Amino acid sequence: MDRAAVDSSCLRSVGHDADRRVLEIEFAAGTVYQYRGVPAEAVAGLLAADSLGRFFNREIRNRYPYRRVSPAPASRTAPPWRPSSPPA
């Protein structure tokens, strides 16, 4: 998934697959997570927020199933979706 760089101390880049409703976020530490079921309106709100980290914590974290996709061991398939969000 293509991601665009964002101006945030918590998030490095953000991408969204509107057809699949999957939000992909690269955090400042370099880890990448995908969030399932995220509507385009929530992504637009995230990108328009004064504080992306605050918006993420309030509107996305703990609301959508997630999975860590990077860095991941090369020998493993994609991990399963988890019911809550990771720490930011």
| request: Calculate the spin-label point distance for Ala44 paired with Val69, positioning each point 7 Å from the Cα along the beta-carbon direction, and give it in nanometres. | output: 2.3
| field | Neighbourhood net charge (15 Å Cβ-Cβ; Lys/Arg +1, Asp/Glu -1) for Ala48 | value | -2
| Of all the Cα-Cα pairs you can form in the range 8-49, what percent are over 15 Å apart? | 38
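Only the coordinates and a few stated rules stand behind these numbers; no lab work does. Because the structure is a prediction, the values reported are computed rather than measured. When we count neighbours, we look across all protein chains shown, and the Cβ atoms used for this are built from the backbone with ideal geometry, even at glycine.
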